[in-house]
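First comes the structure, then the notes that go with it.
The values are calculated or read from the model by the stated rules, or taken from the named source; none is laboratory data. In this text, all values refer to a predicted model and were calculated from it rather than measured experimentally. With ideal geometry, Cβ positions are generated from the backbone for all residues, glycine too; neighbour counts draw on all protein chains shown. Keep in mind that these areas ignore ligands, DNA and RNA; they rest on the heavy atoms of the full protein, side chains included. Shrake-Rupley method; radii C 1.70, N 1.55, O 1.52, S 1.80 Å.
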Amino acid sequence: MPRSAHGEWQPAGDRADPIEILERQAETRVPELVPIRYGRMMVSPATFYRGAAAVMADDLAATPMTGLDTQLCGDAHMLNFGGFASPERILVFDLNDFDETLRGSWELDLKRLVASVEINARERGIEAPERRKMVRGAVREYRAAMRSFAKMGNLATWYSRVDEETILAALRAQQAHQQLRTVRKAGTRARRKDSTRAFEKLTQTTDGVPRIKSDPPLIVPVHELFPDAEADQFETLMRELLEQYTSSLEGDRRRLLERFSYADLARKVVGVGSVGTRCWILLLIGRDHGDPLFLQVKEAQPSVLSPISGESPFPNQGQRVVEGQRMMQASSDIFLGWIRTADTPDEVQRDFYLRQLWDWKVSIEPGEMEPEGMAIYARMCAWTLARAHARSGDAIAIAAYAGSGEQLDRAMAKFAAAYADQNEADHRELLKAVRKKRLKATKGV
């Protein structure tokens, strides 16, 4: 397939209605939360894009593909990169959302990334020539990184990562003073986000017992969601599921988790695209109330890429997410694991994955960046994506296809601009669907 084919984007005459795709997704989600998702997607074309991974996957299914497979993020937009703590307590930069991860053709991720660069640059008011330069710079960074990984041994590639000091050193070398300040502030903010901080912010003590504070509809404790007897039964189930979850952890981490005991449980609304999936926060207590651990228990549904790339080889969708994350990230959460339950109140079998709720996790909103900073950030994301792909794909073959010239850069920039136009049109369709009461949206939540 010629590299220029990647620049081709024109909606097919039989293109699926994007609103129908969103409605089909809504059928598997918590009905009362779906309007919040639509409300968040209505804010701008950029927020619509964050929630429309399924729409883009359906579009990309009809486009040419190289067939050079690697582990994919499946939703590699700019806001799904960021900082978090490594097990060594170092702030690292990496992909941080793997709900859609699946093995597939590498360019699917790159197209998702470059379109997000174009869309967020438009949101920031950056002019077309500068946007095009920004996207081409990101693709060039991906190509250059993949050429480097193609020359490395497997272990060197596996151990490659970007941490806070690497970023700061690079920004100092470029004399990017504004970006230096932004990264330092983000690092300071990140280090305050851990289970202790979550305990301070999200809990209150009642009769000497810590409980998760109610903040409906975003945070609803289990005893407010269900009648007392049903809530007690659900909590008993969660304690049993913790036993199941530990079997998905490494032995040493299993021992560590066993030193914590169950304290409370609440449903929590998260993100944009994830709103409506079943997501819980689980409070565990260690030695005392000064030793908390917050885990997020998040539903895992089939990847939006499965119609393109096929079904996951893993029997549990939570395991799909965890295994994909471990494959793509240079450092992963020590508490990543998965469970399956059929004893939910609606008696439907569901898969979940677990991770720490807050572990220095931080991202930088594109709206906070100057154009130069956004261009640097886009290149960081592209390098990181190349490294993630090189861990499980054929870096030599991908690098050879991408080439050393600028043909792929130009093609991807053309695609990004065309798809951003399509995304704006789809965003208008969402606004119209809400206006005509086809969809119900709750704004400002």
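Points to keep in mind about this one:
- Semi-axis lengths (Å, descending) of the ellipsoid that matches the C-alpha gyration tensor of the chain: 35, 26, 21
- Its Cα gyration tensor gives segment 356-419 an equivalent ellipsoid; the semi-axes, largest first and in whole Å, are 26, 20, 10.
- Here the chain is assigned +1 on the Cβ of each Lys and Arg and -1 on the Cβ of each Asp and Glu. Its dipole about the Cα centre then comes out at about 1440 debye.
- Its Cα centre serving as origin, segment 40-157 has a Cβ charge dipole (Lys and Arg +1, Asp and Glu -1) of approximately 500 debye.
- Cubic angstrom per residue, convex hull over Cα atoms of segment 119-201: 168 Å³
- Dividing the convex hull volume of the alpha-carbon atoms in segment 324-445 by its residue count gives 226 Å³ per residue.
- Where segment 343-445 is the region considered: accessible area per residue in Å², 1.4 Å probe: 44 Å²
- Solvent exposure ordering (accessible area, 1.4 Å, most first) of LYS111, LYS414: LYS414, LYS111
- Top positive-direction residue, dipole computed over segment 170-308 with Cβ charges, set SER248, VAL270, ALA186: ALA186
- Altogether, the Stokes-Einstein calculation at 10 °C and 1.306 mPa s, with the Kirkwood radius of segment 74-147 over Cα pairs as Rh, returns a diffusion coefficient of 116 µm²/s.
- Debye intensity ratio I(q)/I(0), log10, segment 33-90, q values 0.17, 0.23 Å⁻¹ (C-alpha model): -0.79, -1.02
- Dipole of the chain [Lys/Arg +1, Asp/Glu -1 at C-beta], most positive-end residue of GLY153, TYR38, MET134: MET134
- Which of LEU336, PHE314, LEU295, positive extreme of dipole for segment 288-350 (C-beta unit charges): PHE314
- Rolling a 1.4 Å probe across all protein chains gives PHE352 an accessible area of roughly 10 Å².
- Largest-first ordering by accessible area, 1.4 Å probe, given options ARG24, ARG124, ARG350: ARG24, ARG124, ARG350
- Accessible-area composition of the chain, carbon plus sulfur, in percent [1.4 Å probe]: 48 percent
- Between GLN174 and LEU218, the modelled label-to-label distance comes to 3.2 nm, taking each label 7 Å out from Cα in the direction of the beta carbon.
- Cα gyration tensor, segment 291-349 - rounded (a/c under 1.5), prolate or oblate: oblate
- Protection proxy ranking of 65-71, 355-361 - average other beta-carbon atoms within 10 Å, highest first: 355-361, 65-71
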